[in-house]
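This report refers to the structure that appears directly beneath it.
The values are calculated or read from the model by the stated rules, or taken from the named source; none is laboratory data. Values in this document were obtained by computation on a predicted structure and should not be read as measured data. Using ideal geometry, Cβ is built from the backbone for each residue, glycine included, and neighbour counts are taken over all protein chains shown. Ligands, DNA and RNA are stripped out before the accessible areas are found, and what is left, the full protein with its side chains, is counted by its heavy atoms. Shrake-Rupley method; radii C 1.70, N 1.55, O 1.52, S 1.80 Å.
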Amino acid sequence: MKIEYLGHSCFKLTESTGTSVICDPYSSEIGYEMRATTADAVTVSHGHYDHNAVGNIGGNPVIIDSERNYELAGVEINSIKSFHDSLRGKKRGENIIFKFRMDGIDVCHLGDLGEQCSSDLIETLLPVNVLLIPVGGTYTIDAEMAKEYVDRIMPDIVIPMHYRTRDCKLDIDKVDEFTSLFDSEIVEEAECGDLELSRKDLTGETRIIVLKRCLNDGKQNS
């Protein structure tokens, strides 16, 4: 399978069969444009402009923005209700976590998760091979809480998202606040914005991979 980081909390996941899903497309209101692309399905974790810009996606995709399970050409998509804040949604509402099963790999996109790490939620999420996790704080869990999720889920690969970059207008922390909490040997800054994985790449040891943002022309940006 292939994972492409389109910026903010948006990823394009593509199975070897060609079936593709885009998670949490965003509006240019965050400070930069999202790459033009198509998909078979789009998942939306919640209704905020930096996660629900489904009009940016071509290809007449299926929109999945509610808590339900779905199968798309052999790709399993499962949803889990969670909260956008630590007050059980009283401040920012609910958030949908999506899990994808592609080429035998379990990928979990946490959306704008804001609730504290709990045994019940962890048990519901497992197993996870690839964890796409917000780390910027303010509107989501912060770096320290994100690390707790990583330590308890123990995924093979962690890809941080929803952090401040050069062009981002949101008042959130940079990714360094998160990566600095781990031993430098397991942190990798990728030279590109995509990652190709197969089951043989899952070693049981956690790696943190910071992807660059994929742009229209194939170049990368931070």
- Item | Most mobile of Ser198, Ser86, Ser119 in a GNM of the chain (Cα contacts under 10 Å) | Ser119
- Query: Rg (Å, one decimal) plus Dmax (Å, integer) for the alpha carbons of the range 125-201?
  - Reply: 12.8, 39
- Within the range 1-153, pairs of Lys residues whose Cα atoms are less than 25 angstrom apart, provided they are eight or more positions apart or on distinct chains, add up to 15
- the chain, accessible surface, carbon-and-sulfur percent (1.4 angstrom probe): 41 percent
- Item | Mean Cβ count within 10 Å, highest first, over the residues of peptides 50-60, 10-20 | 10-20, 50-60
- May I ask you to give the solvent-accessible area per residue for the chain, in square angstrom, as obtained with a 1.4 angstrom probe? 45 Å²
- Reachable lysines, given that their alpha-carbon falls under 18 Å from the alpha-carbon of Lys169 and they are not under 8 places away in the same chain: Lys212
- Quick one: dipole size for the range 1-97, taken about the Cα centre, charges +1 on Lys/Arg Cβ and -1 on Asp/Glu Cβ, in debye to the nearest 20. 300 debye
- Item | Whole-Hz couplings from phi, Karplus 6.51/-1.76/1.60, listed for the range 102-108; x for Gly and Pro | 10, 6, x, 10, 8, 10, 10
- Message: Please list the three semi-axes, largest first and in whole Å, of the ellipsoid equivalent to the chain, using sqrt of 5 times the eigenvalues of its alpha carbon gyration tensor.
- Response: 21, 20, 20
- Per the Cauchy relation, a quarter of the hull surface: what is the mean projected area of the convex hull of the alpha carbons in the range 2-81, in nm²? 5.0 nm²
